[in-house]
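See below for the structure under consideration.
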Amino acid sequence: MSVELPREIRCVLVPAGSLRLLLPNATVAEVITLPAHEAVANAPEWLLGRFAWRGWRVPLVSFSRLAGADDGDAELTVRVAVLKALGSHPTMPFIAVLTQGFPRLTTLNSELIIPTHDGNALPAGVRAQVLVRDDVAVIPDLEGIEAELVRLLAPDQEPEAHDDDGINDAPQEFDGAA
């Protein structure tokens, strides 16, 4: 059985520091002003914390830090794009990324997205690098980021798991592999 793909897809370009994230429009639940958020103990620098949103504790990610890119212009108004999580983890239906400015809607087809990967290793959290019209963008590895967030936040959401020595292991840095 073959599945017919849409000829065009509505997408958003989300400014994240010096990067632009390319995401399907349906992934973005809402764009909000930067909320007060609580820190997560022993979290990597890219996991800025969590905040309350519509009854959920949503993890807040700095994608530019995760990918090792420049944080961008600190003078720009900082917002948060709340994204629908792709996995089926019952305690994490949303994740959020820091953004500067508003995402820009665009309609794309396969001819308008040109892969630009040069063969070198991709940054952490990046699935692909592409050229969209005149914009360089990255397609984030949302599944990998979500899996790492579930791993990092699991002790906070479920009973603590201990090794044989009875001591919790410290979180590891996310390497982008899922």
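Here, each number is a calculation from the coordinates, and none is a lab measurement. Model, not experiment: these values are computed from the prediction. Glycine also receives a Cβ, built like all others from the backbone with ideal geometry; neighbour counts cover every protein chain displayed.
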Net dipole in debye of segment 23-150 [+1 Lys, Arg Cβ; -1 Asp, Glu Cβ; about Cα centre; nearest 20]: 500
Contact order relative to length of segment 9-157, as percent, for alpha carbon pairs under 8 angstrom and 6 or more apart: 27
Exposure proxy order (Cβ contacts within 10 Å, fewest to most) of R151, R50: R151, R50
Where labels lie 7 Å past Cα in the beta-carbon direction, separation of I32 and S88 in nm: 2.7
Order of I114, I145 under a 10 Å beta carbon neighbour criterion, fewest first: I114, I145
Residues with amide H under 5 Å from that of L83, placed H, sequence gap 5 or more: A29, I95, A96, V97
Label-to-label distance, nm, for residues given as T107 and T77 (7 Å Cα→Cβ offset): 2.8
Size of segment 9-157 as Cα extents on the principal axes (Å, biggest first): 43, 30, 30
Residue order, fewest to most beta carbons within 10 Å, for V136, V130: V136, V130
